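The block underneath contains the structure these notes are about, expressed in structure tokens.
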Amino acid sequence: MSSKKRIFSGVQPSGNLHIGNYLGAIANWVKLQDSYESIFCVVDMHAITVPQDPEILRKKSIEIAKIYLAAGIDPKKSLIFIQSQVSEHAELMWILNTIAKMSELEKMTQFKDKSQKEGKEGAAVGLFDYPVLMAADILLYDTQVVPVGEDQKQHVELARDLAKRFNNKFGDTFIVPEVHIKKEGMRVMGLDNPEKKMSKSAESIYNRIELLDDAEMIRKKIRKAVTDSGSEIIYRDDKPALKNLINIYSSFSGKTPKEIEAMFVGKGYGDFKSELAEVIIAFLESFQARYNALSDKEVMKILNKGADKVRPIARKKLDEVKTKIGFIV
Ligand code: AMP
Ligand code: TRP
């Protein structure tokens, strides 16, 4: 292994990625790829823990990879691949399933949230087991650091616990990974409700700006975004809707909230919102130009190459694990 630390992260190819995913996760990876040996995965095996349309899933997997690339993940520096193309993930998950405990998985808040609709009894076993697959993703590559959002912290902690448990039982095998959470400022809140984070699964499209939205849609969504009472452009905790919009302005323009306040002295929400929309459009137009310039064929070539490169790393670790537990390899 090189002297750089290794990071691993992934996004599910379900729903439409939004500026929260970009600012909270992918933009962070782009920065990290210079100082870490980076592996970024399209986690389609996680996506099928809730029902997916097969054709849409296939399209989305390529779409996520294009988004990684358009955002600046550089295949010369980082490896990107599709999870289901490297079967070692499923194999290691099975082995980890035999040391993970029901009680640990029952504590996972994501399972509790996602199983709410159907009830625990109707939820797929895969949804329950989701965190063990994520542990396999991480542990297969001797990952040292896992950059994710706050919501995934509990899952990374499970990966740490499973690594330690396995090591205790069978001897040193896995690196115990650290979680890397982005700064609070990078949490983008819903445009329709600043109390909840912007989300792929929010019912209303007016909750989020999607990375592939066109200019007209962005203007419309920003116009409809909720604001607080009053008319001044000020950055304050008791004005959460405005604070969120100023944060977004700041992230895409590089200006500080103070500078933004100063720019809009004597102006109202209308002026601020139309400039905010233009700032987002300017960023997304160049992002989308890079996205559209990528052909499916070219992206599949990068993904296949990525899978070919990670497979031997995964295979080596899996063989070590199999040997330790008494399988014949
Ligand atoms: P998800 O959309 O839940 O699959 O999350 C994919 C990645 O984006 C994870 O690392 C999340 O923590 C991050 N993420 C999702 N929504 C937001 C948001 N509103 N603000 C910041 N980061 C987010
Ligand atoms: N569960 C993560 C999410 O929804 C995605 C994911 C799957 C992941 N495997 C991973 C993230 C391994 C980091 C490391 O955001």
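The values are calculated or read from the model by the stated rules, or taken from the named source; none is laboratory data. Everything numeric here is computed off the predicted structure, so don't read it as measured data. All Cβ positions, glycine included, derive from the backbone under ideal geometry; neighbour counts span all protein chains shown. SASA here: full protein model, heavy atoms, side chains in, ligands and nucleic acids out. Shrake-Rupley method; radii C 1.70, N 1.55, O 1.52, S 1.80 Å.
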Self-check item: Leading residue by the ranking (modelled with the lowest pLDDT) among those in the stretch 167-210 that are of a type in the set (Val, Ile, Thr) and under 24 Å from Lys60 (Cβ atoms)
Solution: Val188
Self-check item: Of all residues making up the stretch 158-211, the number that are at positive phi and within 9 Å of ligand 1 (Cβ to nearest atom)
Solution: 0
Quiz item: Restricting attention to the stretch 42-61, which residues are more than 22 Å from Gly122 (Cβ to Cβ) and buried (at least 19 other Cβ atoms within 10 Å of the Cβ)?
Solution: Val42, Val43, Asp44, Lys60, Ser61
Quiz item: Just checking, which of Lys297, Lys301, Lys322 is in contact (Cβ under 8 Å) with a residue 12 or more places away in the chain and not hydrophobic (A, V, I, L, M, F, W, C)?
Solution: Lys322
Quiz item: Does Val11 count as in the same structural domain as Lys153 (by TED's automatic domain parsing), within 14 Å of ligand 1 (Cβ to nearest atom), open to solvent by 30 Å² or more (accessible area, probe 1.4 Å) and touching a residue at least 24 places away in the same chain (Cβ under 8 Å)?
Solution: no
Quiz item: Do we have Glu104 as within 14 Å of ligand 1 (Cβ to nearest atom) and in contact (Cβ under 8 Å) with a residue 12 or more places away in the chain here?
Solution: no
Quiz item: Quick one: how many residues across the stretch 305-319 are closer than 21 Å to Leu69 by Cβ and either open to solvent by 70 Å² or more (accessible area, probe 1.4 Å) or touching a helix residue (DSSP H, G or I) at 6+ places or on another chain (Cβ under 7 Å) (or both)?
Solution: 5
